[in-house]
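Report on one structure; see the data block that follows.
The values are calculated or read from the model by the stated rules, or taken from the named source; none is laboratory data. The structure displayed is predicted, hence computed values, not measured ones. Backbone-built Cβ (ideal geometry, glycine too); neighbour counts: all protein chains shown. We work out accessible area using only protein heavy atoms, side chains counted, and drop any ligands, DNA or RNA first. Shrake-Rupley method; radii C 1.70, N 1.55, O 1.52, S 1.80 Å.
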Amino acid sequence: MAKLVLNEKYRPKKLEDYIFANDLTRSVVSKWIEEKNIPHIFMHGHQGTGKTSLAYLLKNELGIDDSDFLLIDSSSDGNIATLRNDVANFMDTIPMGEANLKIVLFDEIDGMSIAAQKALRGFTQHPSTQYVRFIMTCNNPNAVIPAIHSRAQEIQFKSLDKDSMLERLAEILVTEEIETDLDNMEAYVDRFYPDFRKLLESVDQFTIDGKLTPADEIDVSASEDFELVVLEIFEENKYDNADIREALSMVMSDADWDNLYKFLYENMHEMGKFADKDMWARGIVVVADHMYKHSQVAVPELNATAMFVRLGLL
């Protein structure tokens, strides 16, 4: 049997294995499991914070049969045809397992077309929902229509703190008998925070002969690195730091600039002062302005640096 990658091997299967960001969410989920029933659920937050893992944990803890579980990758199949065919047919059959409940997991529902989202609104009121529940995950809740928000119980996923990530990483490395030291573990956490999934994927990739390669020797794609630069800017209030342009120029490739603006649009609502809705509204206007200017400027780093300076002045 092929070796499971760490991210899948250590996906939590039981409630006690899952790291919750707060006690309130743990209590709510515990109650669902105790009652053997869940509402429609809308989970949003930064990538790698455990949204999909919680969906599969609920499937496992509720005893949902594989035949009663449907996964929809909304980024690639988020259209009306998928709803009318796959989802509608799935909902029209009775549950096969003892749980007498079926789950449709819409992963990355922010990638679903607006037309399909509006159609899904009607699905939540279908008579078959007496035994069908929708679980929806997304990175950018602002890309999901209000009608979806209002028809599901909302859970916002905050990033784990670095100490929790480090503790969990240490447990996994000990279990897997992977050799390293505390400084290197801390360097990996700093490198990939707050994306715990990417952290495990990278540890898996850079473990050779039972030893974890030093973090300063590994090579990850620029698209991964620029997210870390951006997060540092927001977390440490470095909007007007003179090193921003140099930092961006070191990690950005020509193909990454569009991804930078998309990353900000999808995640800025969780970053620093922009967690405030009014600040987010003002900030996203600045991002949109510089995204438009990007196609007209000769020096992309200068345009992006000016954007961060403007964000800092808000």
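First measure r as the distance between the Cβ atoms of ASP258 and ASP289, then evaluate 1/(1 + (r/R0)^6) with R0 = 22 Å and state the FRET efficiency to the nearest 0.05. Please report the intermediate quantities before stating the final value.
Details: r = 15 Å, r/R0 = 0.69.
Calculated transfer efficiency: 0.90.
Only one residue of PHE20, MET185, PHE106 has its Cα farthest out toward the positive end of the dipole of the chain, where Lys and Arg carry +1 and Asp and Glu -1 on Cβ, and that residue is PHE106.
Projecting the Cα atoms of VAL29, LEU199, ILE94 onto the charge dipole of the chain, computed from C-beta unit charges around the Cα centre, puts ILE94 farthest toward the positive end.
Within region 105-147, the ratio Rg/Rh, alpha carbon atoms throughout and Rh by Kirkwood, equals 0.97.
Dipole magnitude of the chain about its Cα centre, charges +1 at Lys/Arg Cβ and -1 at Asp/Glu Cβ only, in debye to the nearest 20? Walk me through the numbers on the way to the answer.
Numbers: 31 positive and 55 negative charges, 357 e Å.
Taking the Cα centre of the chain as origin, the dipole is about 1720 debye.
Computed from point charges on the beta carbon alone (+1 for Lys and Arg, -1 for Asp and Glu), the dipole magnitude for region 1-109 about its Cα centre is near 280 Debye. Loop-located chymotrypsin sites (Phe, Trp or Tyr not before Pro) in region 109-138 (DSSP state other than H, G, I, E, B) with a sparse environment of at most 16 neighbouring Cβ atoms within 10 Å: TYR131. Projecting label points 7 angstrom from Cα along Cα→Cβ for ASP181 and SER128 puts them 5.9 nm apart. Does region 78-196 classify as rounded, prolate or oblate by the C-alpha gyration tensor (a ≥ b ≥ c root eigenvalues; a/c under 1.5 gives rounded; else a/b over b/c gives prolate, otherwise oblate)? It comes out prolate by the Cα gyration axes. Could you please state, rounded to a whole Å, how far the C-alpha centre of region 77-101 is from the C-alpha centre of region 141-187? So the two Cα centres are separated by 30 Å.
Counting only trypsin sites (Lys or Arg not before Pro) that DSSP places in a loop and that have at most 10 other Cβ atoms within 10 Å, the longest clean stretch of the chain runs over 15-314.
Computed on protein heavy atoms with a 1.4 Å probe, the accessible areas place SER74, SER295, SER27 in the order SER295, SER27, SER74, largest first. Loop-located GluC sites (Glu not before Pro) in region 155-193 (DSSP state not H, G, I, E or B) with no more than 13 neighbouring Cβ atoms inside 10 Å: GLU177. Put a dot 7 Å past the Cα of VAL309, heading toward its Cβ, do the same for ASP209, and the two dots end up 5.1 nm apart.
Which value in deg cm²/dmol, rounded to the nearest 500, describes the helix-derived mean residue ellipticity at 222 nm for the chain, given -39,500 (n - 2.57) per DSSP H run of n ≥ 4 and division by the residue count?
The helix-only estimate for the chain comes to -14500 deg cm²/dmol at 222 nm.
At the residue level, MET291 shows approximately 100 square angstrom of accessible surface with a 1.4 angstrom probe and all protein chains present.
Region 57-111: which GluC sites (Glu not before Pro) are DSSP loop and have at most 14 other beta-carbon atoms within 10 angstrom?
The qualifying sites are GLU98.
Taking 0.36 nm per residue of separation and subtracting the Cα-Cα distance, what length does fully extending ASN22 through GLU8 add? List each step's numbers first, then the result.
Working: separation 14, 0.36 × 14 = 5.04 nm, distance 2.34 nm.
So the chain would gain 2.7 nm between ASN22 and GLU8.
Counting only Cβ charges, +1 for Lys and Arg and -1 for Asp and Glu, the dipole size of region 18-173 around its Cα centre is about 500 debye. The spacing between region 1-46 and region 119-136, judged by their C-alpha centroids, is 21 Å. Take GLU98, project a point 7 Å from its Cα along the Cβ direction, then tell me which residues of region 24-53 have their backbone nitrogen under 19 Å from it. Answer for region 24-53: 33-38.
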